[in-house]
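Scroll down for the structure; my scribbles are underneath it.
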Amino acid sequence: MDTCIVFFLVFLSVNVIGTVLGYEASRIRRIREWGTIKTWRILGFILGIVFVGVGYWLASIPFITKSGEMFYGFGRGSYGVNGVALFFFGIIVLAIIIGKILWLKILERLMNPPSL
């Protein structure tokens, strides 16, 4: 019971510290000056591709049992669950970036309809 409380307090304190640091980082003007919106979109797209690639690679590593049997398949290896989670996280990052780009294009088209 005591270890659960310790783990919870450590988890809670790490999240509180991360929240405070994230809030303070969002208020820094220099972060906004590092690049344009296009730069951040390209960086997010590259990050999503990296997550998908590393996740697929981790999920595809074969699993060897103590008896010498090998299991192949997506998500069945030594790091299968972690790889699948990273793979789907990368897909979510890509969906957010692509969705945001498409949404801004739709809004731009709605605000400035083409003249006939």
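No lab work stands behind these numbers, since they all come straight from the coordinates. Worth saying up front: this structure is predicted, and the values here are computed from it rather than measured. No Cβ is skipped: glycine too gets one built from the backbone with ideal geometry, and neighbour counts run over all protein chains shown.
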**Prompt:** Taking θ as phi - 60°, what are the ³J(HN,Hα) couplings along the range 36-46 by the Karplus curve (6.51, -1.76, 1.60), each to the nearest whole Hz, with x for Gly and Pro?
**Reply:** 7, 4, 5, 4, 5, 5, 5, 4, x, 5, 4
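Dipole magnitude of the range 35-116 about its Cα centre, charges +1 at Lys/Arg Cβ and -1 at Asp/Glu Cβ only, in debye to the nearest 20?
Using Cβ point charges on Lys, Arg, Asp and Glu, the range 35-116 gives about 200 debye.
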**Request:** Could I have the simple spin-label model distance between LYS105 and LYS66, label points 7 Å from Cα toward Cβ, reported in nm to one decimal?
**Result:** 5.5
**Asked** Counting only residues 5 or more places away or on other chains, whose amide H sits under 5 Å from the amide H of SER60 once H atoms are built in the peptide plane?
**Response** GLY75
**Asked** Expressed in nm to one decimal, what extension gain is obtained for the pair PHE11 and ASN82 from 0.36 nm per residue of sequence separation less their Cα-Cα distance?
**Response** 23.6 nm
